[in-house]
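Colleague: One structure, as structure tokens, below. Some questions next.
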Amino acid sequence: MLGWGLVLFLLAQQSIWKALFSLLFPSAQSPLFERETLLNLTLQHLAITFGAGALVLLVGLPLVVLVTRPAGAAFRPLLENLVAVGQTFPPVAVLVLALPFLGFGSSGAVLALFLYGLLPVVRNGLEGLTSLPSDVLDAAKGMGYARAQMLWAVELPLALPVILAGIRTSLVLILATATVAPLVGGGGLGVPIIAGLAVSNLAYVVQGAAAVALLAVLLDWTLARLEQALTPWR
Amino acid sequence: MIRFENVVKRYGDFEALGGVSLEVAQGQLVTLLGPSGCGKTTLLRTVNRLIEPTEGTVFVGNRDVRGLDGVELRRGMGYVIQSIGLFPHMSVLENVMVVPRLLGWKKEKREARAKEMLALVGLEPQTFAGRYPRELSGGQAQRVGLARALAADPPVLLLDEPFGAVDPPTRERLQDEFLKLQSELRKTVLFVTHDLEEAVKISDRICLMNGGRVEQYDPPEVLLRRPKTPFVQSFLGPSRTLLRLSRIPLGGLIEPLDSHRPSVSIPHSASAREAFSTLLASGLRTLGVSDATGRLVGLVRLETLLAAVSEEEA
């Protein structure tokens, strides 16, 4: 929490950044992207990231549970192939293809990122739920857990470390890839990067990239801490 | 209490159980003994319907288990497997409370019960309740497994090599403690093992199995004295006479002390086999017997032990 406050506070210091980038890029006419403050861009970026991340969890985890039940087992190969295609299909192409349906703005980006980020969550979820120690499951069944109780009280908690690792990979991936959002009119830290590319202003590109990298490190660290807190038994 | 009637289990062409009929009386401890693959675990698992027989019927308390709900049935039986299968994400106390929670007991009641069970199996609740399974030694984990199986006070215990994964001294201690518990609790116990000594030590009756069939079903003394089939004879091996000594209590063989004071003694509670081993080890022909306070109360002669075995032989 403290880390996030500190980073957001730092990003809000527009004048310090301006001074810093003037120093780093003395030749640039405009060393800092000023159409939008860095803080606002960061907040937009996080909104896109968590929007896509929430979709990934809401869709990915129920699908994983479904195909690891006997009734849904037949759909498992289909799901695995679909999420693999989802990740190999370039997000930029998804953005463009979704444009006619979703129009200009962040929603196309959220969709593209959702498809892109589904794979780690689904793959880890499957791995976690299918590689549980068989003796523990046997004991659970022998002690009289009914199916649904077993899922909630034994299988999901035991698979949690692997599931959380997937979520962590996915969110960090989405955060970094969310820089393509401005291509279809979405906001976020991709805005200075893409603007910088357009006007050959290296300073803009570095600003966006550095801020994304900072957020990615922070997010990764936060999720690692969350993993520890949620699985004290390991 | 538990009755198998002509139970057959086939997996494709393989016959795991070839028509087993067996009756376990209430309060008895029966071991299912035999080499790996003889069907003893399969038979055990038909009782709580983890395995459904291909043919035949299993009765628990005179009710056909097929007519009972599998989940309810399993909650009414204690179950321990060799690897114990403690839930690694739950504390020791939570592990022991699993069945009471499934049965919907109130929180205070199940916590009190779980602590009582931990104390019963020799684990100080204050020390162990909050630990996670990875923080336990093998022997401690086995105890927690037993406490978990006993928590809801089920009349039937199904134990599948419960002491199989610990070192021999720990195993012996666990066996002793389990026997003591069983003499108080009087559960109906089905106990799977491949360890002949363990079976002889703890059983009221032994069901010796081979190839999915019952070779002999008798109390240990009878099994050891009169093996019915060549398989039983070879499974028991040449040490069966020694094993028989382990079922003979020392009490009836003790003679009063004479002027001669034996230099080596063993406790009154030991078995004839321990006395025999001690005699062999010390090279003596008589052995002192001491009571609980360590005072010499009598002596045992090598000749008496030999006579006891051959008497039984006749």
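The values are calculated or read from the model by the stated rules, or taken from the named source; none is laboratory data. As the structure is a prediction and not an experimental result, all values here were calculated from the model. Neighbour counts are summed over all protein chains in view; Cβ atoms, including those assigned to glycine, are modelled from backbone coordinates with ideal geometry.
Colleague: Check residue B:23 against each of (1) crowded, with 17+ Cβ neighbours inside 10 Å; (2) within 23 Å of residue B:232 (Cβ to Cβ) and name the one condition it does not meet.
Modeller: (1)
This table checks each residue for (1) over 22 Å from residue B:170 (Cβ atoms); (2) among the charged types (D, E, K, R); (3) assigned by TED's automatic domain parsing to the domain that holds residue B:71.
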residue	(1), (2), (3)
B:89	yes, no, yes
B:104	yes, no, yes
B:119	no, no, yes
B:127	no, no, yes
B:131	no, yes, yes
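Colleague: Hey, another quick one. Keeping to region A:172-202, report how many residues are surrounded by fewer than 21 Cβ atoms within 10 Å (Cβ to Cβ) and over 17 Å from the mean Cα position of the chain (by Cα).
Modeller: Adding up the residues that qualify gives 11.
Colleague: Go over the candidates A:151, A:137, A:158 one by one and state the one that is part of a helix (DSSP H, G or I), surrounded by fewer than 20 Cβ atoms within 10 Å (Cβ to Cβ), at the interface with another protein chain (Cβ under 9 Å from one of its Cβ atoms) and touching a residue at least 12 places away in the same chain (Cβ under 8 Å).
Modeller: Numbers: A:151 fails: at the interface with another protein chain (Cβ under 9 Å from one of its Cβ atoms); A:158 fails: surrounded by fewer than 20 Cβ atoms within 10 Å (Cβ to Cβ).
Exactly one of A:151, A:137, A:158 is part of a helix (DSSP H, G or I), surrounded by fewer than 20 Cβ atoms within 10 Å (Cβ to Cβ), at the interface with another protein chain (Cβ under 9 Å from one of its Cβ atoms) and touching a residue at least 12 places away in the same chain (Cβ under 8 Å), namely A:137.
Colleague: While we're looking at this one, here's another question. Mind checking which pairs have a first residue in region B:23-52 that is in the same structural domain as residue B:216 (by TED's automatic domain parsing) and among the basic types (Lys, Arg) and a second that is surrounded by fewer than 20 Cβ atoms within 10 Å (Cβ to Cβ) and in a loop (DSSP other than H, G, I, E, B), Cβ under 6 Å, 6 or more apart or different chains?
Modeller: Taking only residues 6 or more apart or on different chains, the pairs are B:45/B:51.
Colleague: Hey, can you tell me all the residues within region B:52-85 that are within 8 Å of chain A (Cβ to nearest Cβ) and surrounded by fewer than 16 Cβ atoms within 10 Å (Cβ to Cβ)?
Modeller: B:72
Colleague: Restricting attention to region B:53-71, does a residue exist that is closer than 27 Å to residue A:133 by Cα and either outside the structural domain of residue B:202 (by TED's automatic domain parsing) or in contact with a Ser or Thr (Cβ under 7 Å, 6 or more places away or on another chain) (or both)?
Modeller: Going residue by residue through region B:53-71, those that are closer than 27 Å to residue A:133 by Cα are B:53, B:69-71.
So of that shortlist, the ones also either outside the structural domain of residue B:202 (by TED's automatic domain parsing) or in contact with a Ser or Thr (Cβ under 7 Å, 6 or more places away or on another chain) (or both) come out as B:53.
Within region B:53-71 (the criterion being closer than 27 Å to residue A:133 by Cα and either outside the structural domain of residue B:202 (by TED's automatic domain parsing) or in contact with a Ser or Thr (Cβ under 7 Å, 6 or more places away or on another chain) (or both)), the answer is yes, since at least one residue qualifies.
Colleague: Another question, then. Determine whether region B:203-224 contains at least one residue that is in a helix (DSSP H, G or I) and surrounded by fewer than 16 Cβ atoms within 10 Å (Cβ to Cβ). Walk me through it before giving the result.
Modeller: Filtering region B:203-224 for residues in a helix (DSSP H, G or I) gives B:220-224.
From what is left, the residues that are surrounded by fewer than 16 Cβ atoms within 10 Å (Cβ to Cβ) are B:221-222.
Yes, that holds for at least one residue.
Colleague: List pairs: first in region A:77-91 and touching a residue at least 40 places away in the same chain (Cβ under 8 Å), second charged (D, E, K, R), Cβ under 8 Å, 6+ apart or cross-chain?
Modeller: If the second residue must be charged (D, E, K, R), the pairs left are A:80/A:123; A:83/A:123.
Colleague: Here is a follow-up. When the residues of region A:69-107 are narrowed to those that are of a type in the set (A, V, I, L, M, F, W, C) and closer than 18 Å to residue A:170 by Cβ, which ends up surrounded by the most Cβ atoms within 10 Å (Cβ to Cβ)?
Modeller: The first filter runs over region A:69-107 and keeps only residues of a type in the set (A, V, I, L, M, F, W, C), leaving A:71, A:73-75, A:78-79, A:82-85, A:89, A:92-99, A:101-102, A:104.
Of the ones still in play, those that are also closer than 18 Å to residue A:170 by Cβ are A:79, A:82-85, A:89, A:94.
Working: A:79: 19, A:82: 15, A:83: 24, A:84: 14, A:85: 11, A:89: 14, A:94: 21.
Per the stated criteria, the residue is A:83.
Colleague: Please specify each residue of region A:95-144 satisfying the condition of being on the phi > 0 side of the Ramachandran plot and touching a Lys or Arg at 6+ places or on another chain (Cβ under 8 Å).
Modeller: First, the residues of region A:95-144 that are on the phi > 0 side of the Ramachandran plot: A:103, A:105, A:144.
Passing the criteria: only A:144.
Quick grid of which residues meet (1) surrounded by fewer than 16 Cβ atoms within 10 Å (Cβ to Cβ); (2) in the same structural domain as residue B:215 (by TED's automatic domain parsing); (3) under 27 Å from the mean Cα position of the chain (by Cα):
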{"site": "B:232", "(1), (2), (3)": "no, yes, yes"}
{"site": "B:256", "(1), (2), (3)": "yes, no, no"}
{"site": "B:262", "(1), (2), (3)": "no, no, no"}
{"site": "B:267", "(1), (2), (3)": "yes, no, yes"}
{"site": "B:285", "(1), (2), (3)": "yes, no, no"}
{"site": "B:294", "(1), (2), (3)": "yes, no, no"}
{"site": "B:299", "(1), (2), (3)": "no, no, no"}
{"site": "B:306", "(1), (2), (3)": "yes, no, no"}
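Colleague: So in region A:123-134, with the set limited to residues that are within 11 Å of another protein chain (Cβ to nearest Cβ) and outside any helix (DSSP H, G or I), which one is surrounded by the most Cβ atoms within 10 Å (Cβ to Cβ)? Write out each step before concluding.
Modeller: So the first thing to find is which residues in region A:123-134 are within 11 Å of another protein chain (Cβ to nearest Cβ), and the list is A:132-134.
Those left that are additionally outside any helix (DSSP H, G or I): A:132-133.
Values: A:132: 17, A:133: 13.
In this case the residue turns out to be A:132.
Colleague: Scan B:206, B:202 and give me the residue that is under 17 Å from residue B:35 (Cβ atoms), among the aliphatic types (A, V, I, L, M), touching a helix residue (DSSP H, G or I) at 6+ places or on another chain (Cβ under 7 Å) and in the same structural domain as residue B:166 (by TED's automatic domain parsing). Can you show your working first?
Modeller: Values: B:202 fails: under 17 Å from residue B:35 (Cβ atoms).
It is B:206.
Colleague: Name the one entry in A:33, A:50, A:21 that is modelled with pLDDT of 90 or more and surrounded by 14 or more Cβ atoms within 10 Å (Cβ to Cβ). Before the answer, list the steps.
Modeller: Details: A:33 fails: modelled with pLDDT of 90 or more; A:21 fails: modelled with pLDDT of 90 or more.
None of the others qualify; the one that does is A:50.
Colleague: Answer yes or no as to whether residue A:147 is basic (Lys, Arg), in contact with a helix residue (DSSP H, G or I) (Cβ under 7 Å, 6 or more places away or on another chain) and on the phi < 0 side of the Ramachandran plot. Lay out the reasoning, then the answer.
Modeller: Working: basic (Lys, Arg): yes; in contact with a helix residue (DSSP H, G or I) (Cβ under 7 Å, 6 or more places away or on another chain): no; on the phi < 0 side of the Ramachandran plot: yes.
When the stated conditions are applied, residue A:147 does not pass them.
Colleague: Condition check: part of a helix (DSSP H, G or I), of a type outside the set (Val, Ile, Thr) and either more than 30 Å from residue A:225 (Cα to Cα) or within 14 Å of chain B (Cβ to nearest Cβ) (or both). Does residue A:120 satisfy that? Can you show your working first?
Modeller: Numbers: part of a helix (DSSP H, G or I): yes; of a type outside the set (Val, Ile, Thr): yes; either more than 30 Å from residue A:225 (Cα to Cα) or within 14 Å of chain B (Cβ to nearest Cβ) (or both): no.
No; evaluated as a whole, the condition is false for this residue.
Colleague: How many of the residues making up region B:139-178 are assigned to a helix (DSSP H, G or I), touching a residue at least 12 places away in the same chain (Cβ under 8 Å) and not acidic (Asp, Glu)? Please lay out each step first, then the result.
Modeller: Going residue by residue through region B:139-178, those that are assigned to a helix (DSSP H, G or I) are B:139-150, B:168-178.
Checking the rest, the ones that are also touching a residue at least 12 places away in the same chain (Cβ under 8 Å) come to B:139-150, B:170-171, B:173-175, B:177-178.
Those still in the list that are not acidic (Asp, Glu) too: B:139-150, B:170-171, B:173-175, B:178.
Of the residues in region B:139-178, 18 are assigned to a helix (DSSP H, G or I), touching a residue at least 12 places away in the same chain (Cβ under 8 Å) and not acidic (Asp, Glu).
Colleague: Is it true that some residue in region B:70-79 is modelled with pLDDT of 95 or more, farther than 21 Å from residue B:187 by Cα and in contact with a Gly (Cβ under 8 Å, 6 or more places away or on another chain)?
Modeller: no
Colleague: Could you say which residue among B:20, B:99, B:47, B:7 is over 27 Å from residue B:136 (Cβ atoms), under 24 Å from the mean Cα position of the chain (by Cα) and within 14 Å of another protein chain (Cβ to nearest Cβ)?
Modeller: Values: B:20 fails: within 14 Å of another protein chain (Cβ to nearest Cβ); B:99 fails: over 27 Å from residue B:136 (Cβ atoms); B:7 fails: within 14 Å of another protein chain (Cβ to nearest Cβ).
Of the residues listed, the single one that is over 27 Å from residue B:136 (Cβ atoms), under 24 Å from the mean Cα position of the chain (by Cα) and within 14 Å of another protein chain (Cβ to nearest Cβ) is B:47.
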